[in-house]
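The values are calculated or read from the model by the stated rules, or taken from the named source; none is laboratory data. Owing to the predicted nature of the structure, the values given are computational and were not obtained by experimental measurement. Virtual Cβ from ideal backbone geometry, glycine too; neighbours counted across all protein chains shown. Surface areas here come from the heavy atoms of the whole protein model, side chains and all, with no ligands, DNA or RNA. Shrake-Rupley method; radii C 1.70, N 1.55, O 1.52, S 1.80 Å.
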Amino acid sequence: MLVNSHHSITSLELRPPFGRLLKERFIRWVFMVCAFFAVVITFATLGMFVAESLPFFAQVSLGEFLGGIRWAPLHEPPSYGVLALVADTLVITAIALGVALPLGLLSAVFLSEYASFRLRQVCKPILEVLAGVPTVVYGFFALRFVTPLLQRTFLPQLSFWNGLSAGLVMGIMIIPLVASISEEVLFAVPRRLREAAYALGATKFEVTTRVVIPAASSGIGASFILALSRAIGETMIVALAAGRTPAWPPDPTRPMLTITTTIVNIATGDHEATAFIWSVLFALGFLLFLSTLVFNVASHVIVRRFRERFP
Amino acid sequence: MKGKGASLAETTQSFLVENPIFEIRQLSVWYKAQQVLKDVTMDIPEKQVTAIIGPSGCGKSTFLRSLNRMNDLIPGMRAEGQVFFRGLNIYARSVDPVEVRRRIGMVFQVPNPFPKSIFENVAFGLRINGFNGDLKAKVQWALERAALWDEVKHCLHKSAFELSGGQQQRLCIARALAVEPEVLLMDEPCSALDPIATAKIEDLIHELKREVTIVIVTHNMQQAARISDYTAFMFLGEVLEFAPTGLLFTKPKDPKTEAYLAGRFG
Amino acid sequence: MRRSWRKGLGNAFGVLATSGLLLALLALGTMIATTALQAGKLTAMDAMAQAGLALSLRSVDLPGLGFLSYVVAAQVDANSAAAQVGLSQGDVIVAVGGRPVGRPNEVWGAVKARGEGPATIAWIPKPEKLWGRLQAVARPERAGEFCVTLTSIPAGSKAQEAGLQPGDVLISVGDLPVTGTRQAWEAVVAAVRSGLEEVPLEIEREGKRLKLSLHPVQRTEIPFQLDFFGAWWRFLTRIGDPRYPERTGLLSALVGSLLVVGVMALFVFPLGVGAAVYLEEYAPKNWFTEAVQILIANLAGMPSAVVGIFGLEIFARSWGLGRSVFAGGLTLALLILPQTIIATREALRAVPRWVREAAASLGATPWQVVRFHVLPYALPGIFTGFILALARALGEAAPLLLLGAFLYVTFVPKSLMDSFTIVPLQIFDWATKPQDGFSCVAAAAIIVLIITHLALNSLAIFLRNRYQRRWT
Ligand SMILES: Nc1ncnc2c1ncn2[C@@H]1O[C@H](COP(=O)(O)OP(=O)(O)OP(=O)(O)O)[C@@H](O)[C@H]1O
Ligand SMILES: [Mg+2]
């Protein structure tokens, strides 16, 4: 395929050597298989939940499941009102967020707006380390310190297992999560926005509350959503400190039963492991999976949007 | 011969290149939906220095990078048309971009040595190309051709980041030269350098053109005039004019070229 | 005027923000401090165990006296210091170093307060040693009623000292009417626990009522060694007896944790790095890649309970791996994999584009670019992420709790198909046990967990600061 006679290069020579081509293809393929693992796992999880919770939904109507307020799968007749569990879960989550959101956000504002560069350098890794402290440690703290403390001080009628201390400690656990994500988005707000406001004579407080926080609001919102999903899915703290009896109406000073604790109860064989109770496990898992899926995807999308706006 | 669609007569090229190393035919490049190169058709002569000038954002870098298929690395890039390298369309299906890049080297705007020793920087291209001669001698040869040997021969194992900007850029040239490319593409190689370092590189280009073809993008029109044999003026993704350097600078045909050379925009 | 008001508000806000961080740190500090405090009893517990004693809590509920708890020697090792002074299983310890004790916690507290060296232990011998075997016999004169009689008095016993004889009928002990053989002895314990040294007895001997007084308490000295390091060493290196907190150990949980995390690492490291390299270096930037990315982010945020259900159903049941180390490792891998992918991608992304371009311009194939440039430069970052992933895996309890890792494991797992327990689950188990002492060993295990966590995190931070490349 010569074009000009003085050219001596043929097309063959710009072809990759066969062996190299094969090797490159193979390596690429291996990496691809690794990546598809994640996809496979997600769909396997989804498929498993759908397939395994079918027997449950064949017997219990969705309305009864989602609308009922009595969770008593072992009574005769059994009752599968998940609302009782959802309500307990949400009350504990609300307590946790009530602690974590203000404290986390304030910490973030402090680190990004007030702290010196050095302090920020020191505090950020500390937050990261704290965010990773095993949750069983928090559970122990709730059970063996916070509950006795509350019983001795404000709430003598508090029961040994209760939703309140589980929620409070869960809040403490989530603070670093909220703080580090919010701090990052606050810090990413461009200087020029701040400087523009300062140039108009705004004080630091005004710049922070009227310019920086609004500009970062979507990212902060994402961190809140992530905190929410984290609180709903938290297992060890509630399994240790919140007890194993559903409360209706929800009362955080009494034992509470969350969705995750119920899952633990069923899986660890507190109940007779009949085939049907097993499908209850999957129905609950499905519920948990779907709700956290929604929150996680939402926060992911929001953070992406934010990054695109302030790269 | 199929493929070579447009004939040169229809293009902005005012002269016939006898010995073209690149024959570019109706090359168009898109980044996502944005068309950056529009039907570029030109011949690039072998063992000469060809300069590409034009206002910022007109597609010079894109053009240069499409000559060794570096653009393939940019997600969302799409190319149409042909680039014949020694008569062979490098955008043909059977052609491997890696092979193309082995023959057509590149020097970037900002000096970008690897975070390794000076020696390893130069040796890398040799190693991956399966070079099995005397590695040290070859590295020395490349450094000598890049006029850097005398300055670094005692500290070959120092990190390349410890060199000055100009030295780093010459190291990058040595790195590219080590694999003996037939063409060297240079994208504003001097824009990050001071005048003395720039002069050194310009001298080097003069030396090198005896053995390799050089295509250089530059913002600096004096530089283009000083070092190049041919100059192409690009504007909004098109090559408006391509002529021997002397001719283009003295008698530009296109009014836009004239305006640009007079410093009225860009 | 207005200016200063605005300034004041701003300052108040600054203070508020600062206190937010301080409060957060304070809460976490309290947590660690109280845990350390709880674990402080470990040495005293160990001293007791080294003396040969395992304690447990009993209680009596006697009419007229109410609810009283006491401490019995649940186990006494042969040839131990405690056995040598005559203590045996079933004896009741009522005071240590002069302090009355009613539950194991008080015993350990007293030992701790007493410090190193010999301490006097006051104890009531078990019934057989105190007054031999009692017998309930029908009263011939009143049909349907029983009375409690002594059958044989051991030589040198407290009963002998008090002048009791075989055949005596116990009418009352410490003013409580005797209603049963066990109750008679419990009445002695109750009397001593309520402060009496001398327990008045009323007996019937040959038809006559007599009043005697019993001194049931013996006092002996036992040397206690408060050995901080020894106590921790023993705690960490024995499997122990899971029934007694002072004798239990963390060894099988430690080995279980290491094995499970090892299996996890074996899967996660290659898979995670491979997936990250594909997504960052190879994958076309299209909607599909984007979707995979969202999936992975979502997997990373999946509650560990959900992952646990998956492990339980797929690995343990479908694949038949059961509650083995292998199944545990796989389940953990599922949890840690997404996080590793994300961390590795970040490390890869930190390698600037121009490195890839420079290498590619020299004719490096994609694999050569990755192999010789991107991966080596990203390695410190990848390692940092991986160490953090290990730290997280070591602390993760929920998925393995669901998988049904055993809570009592009295052996060290030897193969991948053995059942196992892990440190966080051991903590969970101990923390929920009501008996005295278990919250102390739970706290001690927490200290171990937190120290490991801090060590791994410090290592990661060190690596990041030390080897982080500055791209200039
Ligand atoms: N990676 C990319 N992705 C998307 N668009 C790009 C990319 N690189 C360049 N472009 C766009 O293509 C156009 C041409 O860019 P190019 O870098 O080729 O210009 P240039 O002539 O080299 O400019 P300069 O003189 O400033 O270097 C510009 O409008 C630019 O925005
Ligand atoms: Mg450019």
Probe 1.4 Å - accessible area at C:M45, Å² to nearest ten: 0 Å²
Heavy atoms of C:W367: accessible area, 1.4 Å probe, square angstrom to 10: 50 Å²
Spatial separation of Cα centroids for region C:207-232 and region C:1-64, in angstrom: 36 Å
Summed buried accessible area for A+C [probe radius 1.4 Å, Å², rounded to 100]: 7100 Å²
Mean separation of Cα contacts under 8 Å (6+ apart) over length of chain A, as relative contact order %: 23 percent
Difference of contour (0.36 nm per residue) and Cα-Cα distance, B:S164 to B:H219: 17.6 nm
Among B:L143, B:L204, B:L73: highest mean-square fluctuation, GNM of chain B, C-alpha pairs under 10 Å: B:L73
Sequence of A:W29, C:W354 when ordered by accessible area, the most exposed leading, probe 1.4 angstrom: A:W29, C:W354
Residue among A:T203, A:T253, A:T135 with the largest mean-square fluctuation in a Gaussian network model of chain A, springs linking Cα atoms under 10 Å: A:T203
Inter-probe distance in nm under a simple model that places probes 7 Å from Cα toward Cβ, at C:A291 and A:S79: 4.3 nm
Loop sites in region C:201-282: trypsin sites (Lys or Arg not before Pro), DSSP, at most 16 other Cβ within 10 Å: C:R238, C:R243
Spin-label pair C:S4/C:E346, simplified geometry with 7 Å Cα→Cβ offset, distance in nm: 4.7 nm
Exposure of C:R464 as accessible area (Å², to 10), given a probe of 1.4 Å and all protein chains: 70 Å²
Protein accessible area in region B:160-266, 1.4 Å probe - carbon and sulfur %: 52 percent
Nearest 10 degrees, 0 to 90: helix A:18-59 Cα axis against chain A principal axis: 20 degrees
Fraction of accessible area attributable to carbon and sulfur, chain C (%, probe 1.4 Å): 60 percent
Heavy-atom accessible surface of chain A: percent carbon and sulfur, 1.4 Å: 68 percent
Cα shape, chain C, gyration tensor, a/c 1.5 rule: prolate
Part-to-part distance (alpha-carbon centres) for region A:95-156 and region B:131-188, which is given in Å: 55 Å
FRET efficiency, 1/(1 + (r/R0)^6) with R0 35 Å, evaluated for B:E144 and B:Y31 via beta carbons: 0.35
Rounded Å value of the spacing that divides the Cα centres of region C:308-347 and region B:50-99: 46 Å
For region A:232-246, residues shielded by at least 10 square angstrom of accessible area compared with the chain on its own, probe 1.4 Å: A:G233, A:T235, A:M236, A:A239, A:L240, A:R244
Listed residues A:D251, B:D194, B:D43 arranged by accessible area, highest first, probe 1.4 Å: B:D194, A:D251, B:D43
Inter-probe distance in nm under a simple model that places probes 7 Å from Cα toward Cβ, at A:R20 and C:T30: 6.6 nm
Shape call, region A:15-59: gyration tensor on alpha carbons, a/c limit 1.5: prolate
Residue range of chain C that is longest and free of GluC sites (Glu not before Pro) which are both DSSP loop and sparsely packed (at most 16 other C-beta within 10 Å): C:207-472
Reach of B:K253 by Cα under 13 Å, taken over aspartates and glutamates that are not fewer than 8 positions away in the same chain: B:E241
Percent RCO, i.e. relative contact order, over chain C, from Cα pairs under 8 Å lying at least 6 residues apart: 15 percent
Mean accessible surface per residue for region B:91-175, computed with a 1.4 Å probe while every protein chain stays in place, in Å²: 39 Å²
Listed residues B:E188, A:E52 arranged by accessible area, highest first, probe 1.4 Å: A:E52, B:E188
Region B:106-236: relative contact order in percent, alpha carbon pairs under 8 Å with at least 6 residues between: 32 percent
Residues along region C:284-299 losing 40 Å² or more of accessible surface when the other protein chains are present rather than the chain by itself (probe 1.4 Å): C:I294, C:L295, C:N298, C:L299
